[in-house]
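Q: The structure that follows is given in the form of structure tokens.
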Amino acid sequence: MKTINFAIDLGTTNSLIAKYDNGKIKIYNNPLGLKQTLPSCIAFRGNRIVIGDKALDYLEKDAENVCMLFKRKMGTQDTYHVPSLDQEKQPIELSSLVLKELKNFLPDDETANSVVITIPAAFDTIQSNATKKAGYLAGFKEVVLLQEPIAACLAFANTSNIAVKEKEYWIVYDFGGGTFDVALVEVDERELKVIDHQGDNYLGGADFDNLIVKNLIVPFIEEKTGQSDLWKSLKSKSSAHKGLYFELLKKAEEAKKELSNFEETEIELDITINSEDLYDHLIIKREMFENLILSNVENTVTIIKDIIKDNQLLNSDIKRVILIGGTTYIPLIKKSIANAIGVEVNASIDPTSAVVEGAAYYAGSKPSELKEEENVEEEKTQEESIIDYKFFYEQNTRDSEELITAKFSGVDIANFRIIRKDGGYDSGVKALKNNSFSEFVPLLEGRLNLFKVQLLNTDLEVLKTIDPLSINHGSYSVNGQPLPNDICMEVDDLDASATRLERIFAKGSILPLKKKIYKTASKTILKKSKSNLTINVIEGKSNGLPSSGLSIGYIEIFGEDLEDDLIKGTDIEIELEISESRELKINVYLQSCDQEFENVFSESERSISINKINTEINTVLGDVEAVIKTANSLENFEYSNKLESIRVGLIEIQIEASMLQDDDISDTKFQLDDKKRKLIQEFDDLTRNELVAKEIEEYNDIKADLEYHLNQDENERFKTKYQRIIQNEKEVINSLDKYLIRSKIKELEELYNAIIQSSDENFISYYLGLKFYDNFINKRKAERLFEQGDKALEQKDYKVIRHVVYGLSALVPESDRQKRKDFNDDSKTGLN
Amino acid sequence: MIEIINQIFALESKLIKTGSNDYTRNFDRIASEFENLNYHVINPIGKPYRNEMTDVEASISGDLNKNSKITKVLKPIIYQIDDNETKLVQKGIVIVE
């Protein structure tokens with residue numbers, strides 16, 4: 001049996017859509033905002049229709065072209081005159097537009113043909129039929145109505161699992177943002193029935209915000225500034241304080257919400273009034289707020305009492321009162337009703353979504369009478385209508401707005417709508433002119449902006465969705481000059497006791513470029529010392545060796561340049577800027593010295609240090625020799641011969657360099673640097689694949705180890721984290737960047753350690769492994785620990801084993817320590 | 001995290017009022033940390049306001065026209081980048097005049 005499943009709360013001020021799915025209710029969010037609610041408000045702006053939050057923008061300026069509260073007019077002959085279209089709009093048509101917009105909340109792969117729509121208890125047959133008609137007009141094939149108080153009762157009954165055996169009376173108290181309703185519901189084993197209802201169409205939570213502004217905030221401001229008649233001035237149409245009024249209303253609304261949870265709240269005022277700044281705090285106690293709204297709340301309680309009396313019932317006949325509507329969050333309401341009626345007041349259901357939730361439960365149990373074929377037929381006709389289109393737009397741009405132009409041919413297309421998929425832009429529904437449109441869309445800086453374009457007919461039904469159009473901001477444009485190579489900075493790689501390149505700007509980025517990066521000092525440089533900090537900006541492959549790239553900017557900051565000590569671990573802020581003419585500007589700020597260094601480099605000024613050339617060659621020579629040794633031992637003589645010629649070449653450069661003065665003005669040092677780079681690049685190319693292969697092998701090893709442990713039941717909880725780490729595995733491996741792969745290995749190792757340490761038993765294999773180790777710093781201490789360990793193993797006391805393993809590990813000489821010490825010398829960059 | 005961003009934003013707005021700019025570096029640094037955590041924070045102050053901007057909740061005083069500008073920002077716009085997909089996680093709350 002197929003059930004309806006979809007439900008809509010078509011409210012006077014706000015509407016929602018939800019779906020029943022296997023016992024659960026999913027309330028859909030507006031894809032253009034973060035809310036579940038859609039204001040039932042429509043603005044007609046010439047050829048543009050705006051529905052929801054953004055329609056409210058026009059209330060002040062163009063109120064006559066904004067339609068709202070039309071639910072109150074359903075089933076009447078009243079129409080709304082829209083001057084901008086010179087048309088009369090009927091409440092049914094307006095409601096259908098809201099319903100269509102709610103359909104847009106559904107993901108692209110879901111369609112709703114049948115729906116349950118809620119109506120107020122007060123709706124008569126004509127009003128109900130009008131609502132049904134609006135549903136059909138919105139494109140639903142099957143519409144079933146449900147009264148709002150019944151929906152609220154269903155939400156309550158389904159979430160609290162209560163069983164009703166005898167006839168009971170419940171009150172549904174619905175206090176929203178703009179309206180107030182009370183319904184008396186009869187509940188028995190089989191059915192729920194609304195037997196009476198009353199309400200006030202002009203009372204809502206928004207009135208309370210105004211009361212806070214008028215009676216608490218305004219007098220406070222007047223007292224502090226000596227201003228008089230501020231309330232009047234705020235509300236006046238020609239007021240200079242218009243912006244202030246809205247700001248204060250927002251603050252009041254927030255304070256109201258806070259006071260539902262706390263005894264007091266603070267309103268922070270930071271305003272300018274008559275060119276004077278006022279910065280102050282106003283404390284509002286819950287009691288003050290309750291005194292303000294008391295008479296309004298008492299009026300609503302009187303309405304409850306009336307409805308009970310009118311139906312010849314006693315307060316004691318009422319089993320419970322269910323609260324819905326956002327305003328019922330206020331504790332005074334619950335307290336006042338409980339005191340006056342003396343029954344259980346239930347606020348357990350979400351007051352904003354209770355109606356749509358209850359309606360969705362109903363939809364989930366209500367069989368759909370729609371035949372399957374009708375759906376199929378519908379899809380067919382849609383497929384058959386052929387729509388041709390062409391889009392013109394810049395796919396890569398640096399502008400903050402971009403023009404999208406499109407041309408269409410096809411039957412029935414009359415309107416279009418463009419939505420940016422991150423939720424930040426909506427063109428609204430606009431009419432096509434001559435089967436085409438041109439629209440400027442705003443872009444998020446530095447991001448890939450994805451758009452969805454909907455094509456609609458005259459009834460505003462979506463005929464086709466084109467998804468996505470992508471515009472990349474800031475990365476490439478036809479007019480700009482792209483970078484031919486990566487621009488990197490040389491930083492220390494403490495793990496490998498070497499330096500490595502960190503990419504700052506990627507190949508293909510468009511000039512001019514600017515970026516601020518933050519590093520920490522990897523060594524302490526005392527003021528007046530000879531020690532130095534090196535900023536080396538390199539053009540070349542980011543996954544290559546630092547010395548294989550072309551140094552385009554090189555700054556050495558010596559201890560003698562410093563006004564204070566540069567302390568290890570403090571921040572170093574480096575701003576790099578490359579102009580369109582490729583001029584490089586480096587600005588360095590040292591936090592611990594509060595000092596700034598600025599250097600500008602251009603081709604003619606390129607500085608190359610003989611010292612640097614020497615250091616780089618020394619570093620690489622060690623590596624080259626090590627690889628030659630391995631190649632020889634594997635009898636791979638062809639390979640070792642190639643490496644040998646690189647070694648000889650590098651030594652020759654070193655000899656030549658040693659004969660030059662650092663202030664040599666000839667081209668020689670540039671030539672030497674060039675030769676050096678080429679040789680190192682050659683070495684890099686010869687060995688890189690091997691190094692990367694090694695990293696990949698290690699990555700796969702640790703992964704296999706981890707998977708072994710993850711397959712054990714007790715480690716189930718670590719699986720999500722594991723999935724998260726390996727999520728972008730393909731990307732990382734394919735990058736062939738050994739540093740990236742290494743960082744993944746590190747993450748996996750950390751997880752591995754966490755798993756091992758989660759259980760004492762995991763330490764047994766470590767313990768047994770350590771038995772084969774014989775290089776402990778203190779052998780006697782190690783022996784004593786092994787005695788303890790063996791005993792614990794016999795007694796199966798694994799906690800002790802864990803401690804023994806920790807103790808033994810501390811006795812293993814830490815070779816890394818020496819390595820790190822060696823590394824902290826002046827030969828490296830000092831950047832971490 | 002969103003509340004932390006809001007508080008830092010409020011702090012910065014207050015300091016701007018004092019006229020001192022000693023703290024700019026610190027706020028730039030914090031902004032860069034938010035970017036590293038995949039939060040893209042935008043302060044739309046002074047920008048022209050268009051009704052099509054669904055990333056702000058605007059209180060509009062006076063007439064909305066081509067010259068309408070965002071004159072006060074009570075909360076910044078926050079986008080979150082998740083797996084290369086950008087999502088709005090907080091609408092800016094602004095006053096437009």
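Q: Test of understanding: ordering A:590, A:34, A:621 by Cβ neighbours within 10 Å, fewest first, what list do you get?
A: Ordered from fewest to most neighbouring Cβ atoms within 10 Å, A:590, A:34, A:621 come out as A:34, A:621, A:590.
Q: What ratio of Cα Rg to 2.2 N^0.38 Å holds for the stretch A:385-473?
A: 1.05
Q: Semi-axes of the equivalent ellipsoid for chain A, please: Cα gyration tensor eigenvalues, times 5, square-rooted, ordered largest first, whole Å.
A: 67, 37, 32
Q: Between the stretch A:729-787 and the stretch B:48-97, what is the separation of their alpha carbon centroids in Å?
A: 51 Å
Q: Moving on to the next point. So what's Rg/Rh here for the stretch A:1-118, counting alpha carbon atoms and using the Kirkwood radius for Rh?
A: The Rg/Rh ratio comes out at 1.00.
Q: How large, in Å, is the stretch A:487-605 by the Kirkwood hydrodynamic radius built from its alpha-carbon pairs?
A: It works out to 14.8 Å.
Q: I need the fraction of alpha carbon pairs in the stretch B:2-96 separated by more than 20 Å, rounded to a whole percent.
A: The share of Cα pairs beyond 20 Å in the stretch B:2-96 comes to 41 percent.
Q: If you split all Cα-Cα distances of the stretch A:700-821 into 5 Å bins from zero, what percentages do you get per bin, shortest first?
A: The percentages, shortest bin first, are 2, 10, 17, 15, 16, 15, 13, 8, 3, 1, 0.
Q: Hey, another quick one. In percent, what relative contact order does chain A have, based on Cα pairs under 8 Å that are 6 or more apart in sequence?
A: Over chain A, the number comes to 9 percent.
Q: Set Lys and Arg Cβ to +1 and Asp and Glu Cβ to -1, take the dipole of the stretch A:677-722 about its Cα centre, and tell me which of A:689, A:718, A:679 lies farthest positive.
A: In the stretch A:677-722, that residue is A:679.
Q: Which distance in Å, rounded to a whole number, links the C-alpha centroids of the stretch A:178-196 and the stretch A:564-589?
A: 70 Å
Q: May I pose another question? Rounded to whole Å, give me the distance from the Cα center of the stretch B:2-34 to that of the stretch A:259-294.
A: 24 Å
Q: Further, regarding this structure: Starting from the Cα gyration tensor of the stretch A:185-248, take the square roots of the eigenvalues, sort them a ≥ b ≥ c, and report rounded, prolate or oblate (rounded when a/c is under 1.5, otherwise prolate if a/b is larger than b/c, else oblate).
A: Here the stretch A:185-248 falls in the prolate category.
Q: Helix A:354-365: angle to the longest alpha-carbon principal axis of chain A, degrees 0 to 90, nearest 10?
A: 90 degrees
Q: Please report A:831, A:811 as a ranked list, fewest other C-beta atoms within 10 angstrom at the top and most at the bottom.
A: If I rank by nearby Cβ atoms, fewest first, I get A:811, A:831.
Q: Using modelled backbone amide H atoms (1.01 Å from N, in-plane), which distant-in-sequence or interchain residues come within less than 5 Å of residue A:524's amide H?
A: Residues meeting the amide H criterion: A:568.
Q: Per the Kirkwood formula on distinct C-alpha pairs, the Rh of the stretch A:612-692 is how many angstrom?
A: 13.4 Å
Q: Using only helices, what value at 222 nm comes out for chain B when you add -39,500 (n - 2.57) per DSSP H run of length 4 or more and divide by the total residues, to the nearest 500 deg cm²/dmol?
A: That comes out to -10000 deg cm²/dmol.
Q: Hey, if you drop one equal point scatterer on each alpha-carbon of the stretch A:94-147 and run the Debye formula without solvent, what base-10 log of I(q)/I(0) do you get at q = 0.25 Å⁻¹?
A: -0.98
Q: Let me ask something additional. For the stretch A:739-802, what does the equivalent ellipsoid look like in terms of its semi-axes, each the square root of 5 times an eigenvalue of the Cα gyration tensor, given largest first in whole Å?
A: So the three semi-axes of the stretch A:739-802 are 28, 17, 7 Å.
Q: Can I ask one more? Helix-only mean residue ellipticity at 222 nm, chain A, DSSP H runs n ≥ 4 weighted -39,500 (n - 2.57), per residue, nearest 500. What is it?
A: Value at 222 nm, helices only: -12000 deg cm²/dmol.
Q: Next question. Please report A:357, A:787, A:101, A:749 as a ranked list, fewest other C-beta atoms within 10 angstrom at the top and most at the bottom.
A: A:787, A:749, A:101, A:357
Q: Please tell me the relative contact order of the stretch A:385-473 in percent, rounded to the nearest whole number, where contacts are Cα pairs under 8 Å and at least six residues apart.
A: Reported as a whole number, the value is 31 percent.
Q: For the stretch A:710-753, what number results from the quotient of the Cα radius of gyration and 2.2 N^0.38 Å?
A: Cα-based Rg divided by the globular estimate yields 1.26.
Q: Using alpha carbons only, how many degrees (0 to 90, rounded to 10) separate the axis of helix A:798-810 from the longest principal axis of chain A?
A: 40 degrees
Q: Then there is this: Can you tell which of B:80, A:159, A:788 lies farthest toward the positive end of the dipole of the protein assembly as shown, using +1 and -1 charges on the Cβ of basic and acidic side chains (Lys, Arg; Asp, Glu)?
A: Result: A:159.
Q: Per 10 Å bin, what percent of the C-alpha pairs of the stretch A:241-384 does each bin hold, from zero upward?
A: Pairs per bin, as whole percents: 9, 24, 23, 17, 13, 11, 3, 0.
Q: Applying the Karplus parametrisation 6.51 cos²θ - 1.76 cosθ + 1.60 with θ = phi - 60° to the phi angles of the stretch A:621-633, what ³J(HN,Hα) value in whole Hz is obtained for each residue in order, glycine and proline being reported as x?
A: With the stated coefficients, the stretch A:621-633 comes to 3, x, 5, 4, 4, 5, 5, 4, 4, 5, 4, 5, 5 Hz.
Q: Using the Kirkwood radius built from alpha carbon pairs, what does the Stokes-Einstein equation give as D for the stretch A:145-260 at 20 °C and 1.002 mPa s, in µm² per second?
A: Translational D for this selection: 123 µm²/s.
Q: What is the dipole size for the stretch B:2-96, taken about its Cα centre, with +1 at each Lys and Arg Cβ and -1 at each Asp and Glu Cβ, in debye to the nearest 20?
A: Using only the charged Cβ atoms, the result is roughly 520 debye.
Q: Along the charge dipole of the protein assembly as shown, pointing to its positive end and built from +1/-1 on Cβ of Lys, Arg, Asp and Glu, which listed residue (A:769, A:702, A:307) has its Cα farthest out?
A: A:307
Q: How high is the relative contact order of the stretch A:499-657, in percent, counting Cα pairs under 8 Å that sit 6 or more residues apart?
A: 19 percent
Q: I'd like the mean, over residues of B:46-52, of how many other protein chain beta carbons sit within 10 Å of each residue's own Cβ.
A: Counting Cβ atoms of other protein chains within 10 Å of each residue's Cβ and averaging gives 5.
Laboratory data are not the source of any read-out in this text; all were calculated from the coordinates shown. Model, not experiment: these values are computed from the prediction. For neighbour counting, all protein chains shown are included, and Cβ atoms are generated from backbone atoms with ideal geometry for every residue, glycine included.
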